[in-house]
Amino acid sequence: MTLSSSVTRRHPLLAALSLALVAALSACGGSNSGPVASPEPSEQYVPPEPPSGYTPKAITYAQKDMVSAANPLAVQAGVDILAKGGSALDAAIAVQMVLNLVEPQSSGIGGGAFLLHFDKGANSLLAYDGRETAPAAATPNLFIGANGSPLGFLAAVDGGLSVGTPGLLRMLEAAHKAHGKLPWKDLFEPAIKLSEDGFAISPRMSVSIAGSAARIKAQGEPAASYFLNADGTAKAAGTLLKNPELAATFRAIAAGGADAFYKGDIARDIVAKVTKHPTNPGRLSEADLANYTHKVREPVCGTYRVQYRVCGMPAPSSGGIAVLQTLGLLQNFDVAALKPNTLDSVHLVSEAYRLAYADRALYVADPDFVSVPQAGLVNADYLKERAKLIRMDQTIGTPTAGTPPGVSAARGQDNSLNLPSTSHLSIVDRNGNVVSMTTTIENGFGSLQMVRGFLLNNQLTDFSFTATDAAGKPIANSVQPGKRPRSSMAPTVVFNASTGDVEAVIGSPGGSAIIQYTAKSLIGMIDWGLNVQQAINLPNFGAQTNATTSLEKGSLIDTAAIRDGLRARGHTVAQTDTFTSGLHGVVYNGLRANGQAGLLSRNPGAGTYAGGADPRREGIAKGND
Ligand code: DON
């Protein structure tokens, strides 16, 4: 078994699917990395969160503040907190707890997150790292099976083995201490009430359950009864679902702080669930939970088109670095002249992705364990040199990583994958403070292990399954005790490079394609003059570490002319019907003190803030006037 095939996601019902359906699913969202893009029939996979349709959305304006997130109930909780005078960080906590309830497949207290916080008064941007860590008892061969080969992806995911120490609550508690205005306990009230009164299962949640129903059933209680009907089918959209256990968990955390989660009964139950799994036990201990610490890191920033300072999440996420690399490469081309939805722009941007993903595969991992040449990777001179590899008449095909300034060790090729679930929220409060947070339990429904009303993550499968590559070189993103798995999450804040004003807040779920979704939106707003909703709407496309370029199926770029044009330049073209980004963005749309409009304002006067929500998911943007 090769490593690449071993980490490919497969669906248990795949054998029953017709060949036609298999073909239709052959290039799934976030899937344009080597192992998945051009799979053998036996290696086709169904992404854990299937698409749930495309609902056109109108741009939203508001005067005082704005929340954009993946579910209307969660957004309302955030808007209400802001109306009560809460800060962006307060609102983020309320939104997150409701998301845990109403979008349980994507994020929650059993997982981790990265959060950028801009404190307008202090003029300070901080990157909060609430990423899961590998248990102290983890070893580099965690995902090597009894036969000496890496486990299959789902064999690793389902059960206790993949569960990392959750980081979300420790991080949120620390961020709240620094940036909160309302009492911590108040921020749990909307989620407690909804958990007790019940909420209507959304269409997307029901579709997600259906996509994982067989695996949920196989993993048993309590998740099976919570998500499935007695006959094993998914609970339908519209079903009223109550989660009194989660309400009790939230009450305990509201009263006792994050300690109520990391120590005591809840921690014991988490550890029991992980370590006593009947077939796939994990190594998490109560000491791992008690010892978890969040990190506050320096954001990674770069200048784009002179006027914009784009800031993102540094390592252990590859998200900020790869978005900045993409922009830094494109900076050497006149992207505006190429226009959106053209053969040339799809080709050029895909080539930039190829170079960025090649570096990502080699160099990015937890900087507390391996040296990451972060400054070198986003260095403008380095990217200018790398940009010379891009030709308009021919694809690079399979790219080779560069040698950025600061490389100190030979690195092996990392083949780890990460694919659809996760959630992104963007919030600006009335004082101009900002939260950009991407939050995840990794795969749809995480490890499928439910404890006290919430699901546990499978974040450890974001590590490379092997510690060395085929050439025997050490892989930066290998498993080590206490280490954070590399991520692609890319919460982003864009500033006016000369005044320091916030211009945009954006990010997305989507596994390794997060980088493409986020970069696309920034290019749309900055190079193509689109408003935030139009930029989010732009067709998704991209490439990673091989010649395959994936196009969002049925979109404006999925035309015979573009497909044939790409093929003529050497691309392998995949039409992808599961490029389900979940972009949620807010743009400053008002007039500055000097009477000038914000750089990205497209309709100044309509409202101080403009919000956009991805038509591919169920979110909305809303604020107070
Ligand atoms: O940290 C990461 O990059 C992944 N675990 C995120 C997973 C994800 O976005 C799935 N997507 N929709």
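Of the strands (runs of 3 or more DSSP E) lying entirely inside the stretch 270-335, not one contains at least 3 residues that are in contact with a Phe, Trp or Tyr (Cβ under 8 Å, 6 or more places away or on another chain) and basic (Lys, Arg).
Restricting PHE495, PHE445 to residues that are in a strand (DSSP E or B), at pLDDT 95 or above and more than 10 Å from the ligand (Cβ to nearest atom) narrows the list to PHE495.
So for the stretch 602-625 (the condition being within 30 Å of GLY85 (Cβ to Cβ), out of contact with any His (no Cβ under 9 Å at 6 or more places or on another chain) and open to solvent by less than 10 Å² (accessible area, probe 1.4 Å)), does at least one residue qualify? Scanning the stretch 602-625 turns up at least one residue that is within 30 Å of GLY85 (Cβ to Cβ), out of contact with any His (no Cβ under 9 Å at 6 or more places or on another chain) and open to solvent by less than 10 Å² (accessible area, probe 1.4 Å).
Taking the criterion of being touching a residue at least 12 places away in the same chain (Cβ under 8 Å) and within 16 Å of the ligand (Cβ to nearest atom), would at least one residue in the stretch 583-596 satisfy it? Looking for residues that are touching a residue at least 12 places away in the same chain (Cβ under 8 Å) and within 16 Å of the ligand (Cβ to nearest atom), one finds at least one in the stretch 583-596, hence yes.
When the stretch 449-473 is filtered for residues that are open to solvent by 10 Å² or more (accessible area, probe 1.4 Å) and either part of a helix (DSSP H, G or I) or over 30 Å from GLU196 (Cβ atoms) (or both), the ones remaining, listed by number, are THR466, ALA467, THR468, ASP469, ALA470, ALA471, GLY472, LYS473. When ILE59 is tested against (1) away from the ligand (no atom under 16 Å from the Cβ); (2) closer than 30 Å to GLU298 by Cβ, only condition (2) is not met. Per the listing ALA476, ALA490, the residue uniquely within 16 Å of the ligand (Cβ to nearest atom), assigned to a loop (DSSP other than H, G, I, E, B), within 20 Å of the chain's Cα centre (by Cα) and farther than 30 Å from ALA248 by Cα is ALA490. Looking at this structure, is SER498 of a type outside the set (Asp, Glu) and under 30 Å from GLU552 (Cα atoms)? No; evaluated as a whole, the condition is false for this residue. Only residues that are more than 16 Å from the ligand (Cβ to nearest atom) and modelled with pLDDT under 95: list them for the stretch 406-429, please. Within the stretch 406-429, GLY406, VAL407, SER408, ALA409, ALA410, ARG411, GLY412, GLN413 qualify. From the list ASP393, ASP381, ASP462, the one residue that fits, being in contact (Cβ under 8 Å) with a residue 40 or more places away in the chain and over 30 Å from HIS176 (Cα atoms), is ASP393. Taking helices (runs of 4 or more DSSP H) as the structural unit, those lying wholly within the stretch 57-159 and holding at least 3 residues that are open to solvent by 10 Å² or more (accessible area, probe 1.4 Å), at pLDDT 95 or above and out of contact with any Pro (no Cβ under 6 Å at 6 or more places or on another chain) correspond to 72-83.
Among the residues of the stretch 240-290, count how many are open to solvent by less than 50 Å² (accessible area, probe 1.4 Å) and among the hydroxyl-bearing types (Ser, Thr, Tyr). Here the count works out to 3.
Kindly indicate whether any position in the stretch 328-339 is more than 16 Å from the ligand (Cβ to nearest atom), surrounded by 23 or more Cβ atoms within 10 Å (Cβ to Cβ), over 29 Å from ALA70 (Cβ atoms) and in contact (Cβ under 8 Å) with a residue 12 or more places away in the chain. Yes, the conditions are met somewhere in the stretch 328-339.
So in the stretch 541-586, with the set limited to residues that are more than 21 Å from ARG391 (Cβ to Cβ) and of a type in the set (D, E, K, R), which one is most open to solvent (accessible area, probe 1.4 Å)?
Going through the qualifying residues, I end up with LYS553.
The values are calculated or read from the model by the stated rules, or taken from the named source; none is laboratory data. Note that the structure is predicted; figures quoted are calculated from it, not measured. So basically every Cβ, Gly included, is an ideal-geometry build from the backbone, and we count neighbours across all protein chains shown. What goes into the accessible areas is simple: the full protein's heavy atoms, side chains included, and nothing from ligands, DNA or RNA. Shrake-Rupley method; radii C 1.70, N 1.55, O 1.52, S 1.80 Å.
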